[in-house]
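Have a look at the structure below, then the notes.
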Amino acid sequence: MEAELPEEEFQDFITEFYQAGGVYVFPEHDEAWIESPPMGFGYWHSELCITDFKLRTIVYWSHEGTVTLGGKRLINAFKKTFPVYEKIVCSWGYQRLDQS
């Protein structure tokens, strides 16, 4: 993702998307906490999840350096904000749930 989308733009997207409600933050080794507004969520977190308070959208950072987005509203907002998303998304990692 870094080659096509500067980290600062991704951080701004996450902050803006979740700003109204804040997020639950679930780190691998520490206690969960609430962050409102969410700031500084760029690329190099490790084994971290953030989600809205209704648990309808999620961002997951793996120790391999990947970022996974979940939830239709979040994914659609990402696609709208970054029309180059097809260059960003790993071909092996993009699959719609309703595809067999």
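The values are calculated or read from the model by the stated rules, or taken from the named source; none is laboratory data. All values derive from a computational prediction rather than experimental measurement. For neighbour counting, all protein chains shown are included, and Cβ atoms are generated from backbone atoms with ideal geometry for every residue, glycine included. Each accessible area value is taken on the protein alone, full model and side chains, heavy atoms only, with ligands, DNA and RNA left out. Shrake-Rupley method; radii C 1.70, N 1.55, O 1.52, S 1.80 Å.
Points to keep in mind about this one:
- Close pairs from the range 17-31: first among the polar types (S, T, N, Q), partner open to solvent by 30 Å² or more (accessible area, probe 1.4 Å), Cβ under 9 Å, at least 6 apart: 19/36; 19/37
- Whichever residue in the range 37-66 is in a loop (DSSP other than H, G, I, E, B), out of contact with any Leu (no Cβ under 8 Å at 6 or more places or on another chain) and of a type in the set (Ser, Thr, Tyr) and, among such residues, is most open to solvent (accessible area, probe 1.4 Å): 46
- Subset tally (residues that are modelled with pLDDT of 80 or more, surrounded by 11 or more Cβ atoms within 10 Å (Cβ to Cβ) and assigned to a helix (DSSP H, G or I)) for the range 78-93: 4
- Checked against the criterion of being in contact with a helix residue (DSSP H, G or I) (Cβ under 6 Å, 6 or more places away or on another chain), under 23 Å from residue 88 (Cβ atoms), of a type in the set (Asp, Glu) and open to solvent by less than 100 Å² (accessible area, probe 1.4 Å), the range 8-27 contains not a single residue that satisfies it.
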